[in-house]
Amino acid sequence: APVTDVQFGPMRLHQDQLQVLLVFAEEDEQSSGFRWACDKAGFRCHIARTPQSALECFLDKHHDIIIIDHRHSRYFDAEALCRSIRTTKASENTVIICVVQRHTDREESSILPLISAGFTRRYIENSSRMACYNELIQLEFGQVQAQFKLRACNSLFTALEKSQEAIEITSEDHVIQYVNPAFETMMGYQIGELIEKELTEVPINEKKADFLDTINSCIKIGKEWQGMYYAKKKNGDSIQQNVKILPVIGQGGKIRHYVSISRLCNDNNKVEKTCECIQAESQTDSQTCRHKDMRKGSLDVRSTTSRGSDGSSQRRRSSMARVHSMTIEAPITKVINIINAAQESSPMPVAEALDRALEILRTTELYSPQLGTKDEDPHTSDLVGGLMTDGLRRLSGNEYILSAKQTHQVAGSLSSPISLNDIPPRITQAMENEEQWDFDIFELEAATHKRPLVYLGLKIFARFGICEFLNCSESTLRSWLQVIEANYHSSNSYHNSTHSADVLHATAYFLSKERVKQTLDPIDEVAALIAATVHDVDHPGRTNSFLCNAGSELAILYNDTAVLESHHAALAFQLTTRDGKCNIFKNMERNEYRTLRQVIIDMVLATEMTKHFEHVNKFVNSINKPLAALEENGNNGDGESIKTVLRSPENRILIKRMLIKCADISNPCRPREQCIEWAGRISEEYFAQTDEERRQGLPVVMPVFDRNTCSIPKSQLSFIDYFIIDMFDAWDAFADLPNLMEHLNNNIKYWKGLDGRNLRVLRPPP
């Protein structure tokens, strides 16, 4: 195959034979022209007749050029196909051409819709072989070669990311555009805190303005500056650095970027130093300039700018200096200060270990484990991406309208509720063992014609004396349960009122465990049962990521943060308080109502998966480990010590959050047939979301949930391994749940058995 050499700065790149994918529904003169042109140009050519085969072929071959026929919409939607291709990582550097009809009898149409769909450029149909050949040659030496160079940039950024020297790149206007991990580590900042910030927004020592002028006078005329100075870290500490600042000449022969390369100085090197200006192009014409002892003042490496003398910059520097002098000490700050103090008297290996600990403590995601590459387990990666992020924030013209202006069911629009004493015999029989974990929610779903929440809610709330606590009548409770159930979507395969009833049942079961009863007050029990009932009300059957990507009204209302959970909690109180017939809170004393409301909201928000590991880790460290330590020290019978751990307000919050989290995703701990049924339902809901994402041209947040290719056993095993096992080990250690753990182990064996036979379905064939 032909190989082309491409010069990219000092890099010599070797480009393999170009691959072209032609997407034409049927053979005609235009497609024949491009096939001939590919042969003449020495390009490898593939042909696809349908969007599905085109997508599959591209994901297999990763073509450099894709040419899609947009002349005949009756065959397929070319723009939708282009959007689908653009959602894949592999298409990042692919050139996609749109073949359009030649119209001589009407005005030229805009190319913007094609650009928005992801096309690189259009080709007005011309079946002349030489016209097709000329188009391919222009692409090869134009867009394709440019994309090839961009691909090579990945290796350069990899080198920057792995460099042990701290590197910062700014624009010609001294706006920070990039810092590498070594810079983050050295200075204590996260990259998100610095990008698009002007250097003047970072604090400097104003006494060193003359020193800044020296640096600027060097780099503004295209010369390197090299020297030593003190920089101020985010925590206020001063560090001495050996710094080189290089201007980068770009378009028009002007300086377009500045690159700063820094490394820490050794302790024995803190003496008066020399700084140099070096010609950027040839590194000649060197000159030196002396500057005074810098130990008395600190200068921030990120503040080297020629605009530091204007009044606005002076004010910002003064404000930042005051911020750094504040004495607000959060607990994490105290921990960092203690470690810093310990480092001073520690031997080198210990000090280095403490340094690594400090790096971890200064990150924002303290509780989220880091996955390896996506290739290791795409099921886990997709589940994490779909459940633990709030979407790709991609703007879309396809607005997903949901709930903000939707009409919700209210008490007056429903039939009069039944009484606990009027429940039909079949339903009574279906609820006979509702206090047992093996209770079958699907039998109740069938008996109640998909209205299990009202009936199960009446029975469980009566058992826990909820009406007595709330001082409300049974008819008010019945009306409330009917309103809440009516606002669950029966059309959802998973997030419907049966799921709510299942979570309510699990919550009641956990509340009956001895350790939990020792811990929680009656108001906590009431809050937990209400939170379980409403925790997914008005769920649209789509994830938070989907709503954010689609630009839904709810995502806009809640700023792309905990969108659904915020909506469930808010709507639950709106539905409850707007009508006295179903307002179960109307007779409560104000302060007690506010306490109850706060606990309900906190528990509903705890079901949001982005903070899953934070909740689990806090539970383990604040409750499991202290209780285990008491048992190991022979204090098992020391009721006061255990009570201290269990009854502190902070720990009770953690226990309530853990309780509803475990109830919410307890499906893998149910008896096998229930576990299988729930797995089928959640898979179907994710399949439907993937279908809709592709229809709307949205990013596909969980690509493995494609109904044609998904392995349900693999997805279940990934979910269990990543989210379930550690959480239920911790909850079992606290609440003593041997039957749940036995079901969990049996279900893991079941899914592994199917996966071992390469089966992708819920059940083995007969």
- Query: Taking the Cβ-Cβ separation of residue 129 and residue 80 as r and a Förster radius of 45 Å, what is the calculated FRET efficiency to the nearest 0.05?
  - Reply: 0.90
- By average Cβ neighbour count within 10 Å, what is the ranking of 597-607, 528-538, 144-154 from highest down? 528-538, 597-607, 144-154
- Note on the structure: So for R0 = 41 Å, FRET eff. of residue 350-residue 515 from the Cβ-Cβ r, to 0.05, ends up at 0.60
- Net charge near residue 70 (other residues with Cβ under 11 Å of its Cβ; Lys, Arg +1; Asp, Glu -1) is -2
- Task: Identify all aspartates and glutamates with a Cα-Cα distance to residue 89 below 15 Å; exclude those on the same chain that are fewer than 8 residues away in sequence.
- Result: 56, 60, 64, 375, 382
- Task: Using a 1.4 Å probe over the heavy atoms of the protein chains, calculate the carbon and sulfur portion of the accessible area of the stretch 418-756 as a whole percent.
- Result: 46 percent
- Note on the structure: Those trypsin sites (Lys or Arg not before Pro) from the stretch 727-761 that are DSSP loop and have at most 11 other Cβ neighbours within 10 Å turn out to be 757
- Note on the structure: So, over other residues within a Cβ distance under 11 Å of residue 36, counting Lys, Arg +1 and Asp, Glu -1, the net charge is +1
- Query: Sorted by average packing, counted as other Cβ atoms within 10 angstrom per residue and highest first, what order do 118-131, 54-67 take?
  - Reply: 54-67, 118-131
- Fraction of alpha-carbon pairs over 26 Å apart in the stretch 418-756 - percent: 50 percent
- Tell me, in nm to one decimal, what length is gained between residue 673 and residue 251 on full extension, where the rule is 0.36 nm per residue of separation less the Cα-Cα distance? 145.3 nm
- Message: Less than 12 Å Cβ to Cβ from residue 434, Lys/Arg counted +1 and Asp/Glu -1: what total charge do the surrounding residues give?
- Response: -4
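The values are calculated or read from the model by the stated rules, or taken from the named source; none is laboratory data. This one's a predicted model, so the numbers in the text were calculated from it and none came from an experiment. Here the Cβ is made from the backbone with ideal geometry for all residues, glycine too, and neighbour counts use every protein chain on show. Note: accessible area is taken over every heavy atom of the protein model, side chains too, but ligands, DNA and RNA are not part of it. Shrake-Rupley method; radii C 1.70, N 1.55, O 1.52, S 1.80 Å.
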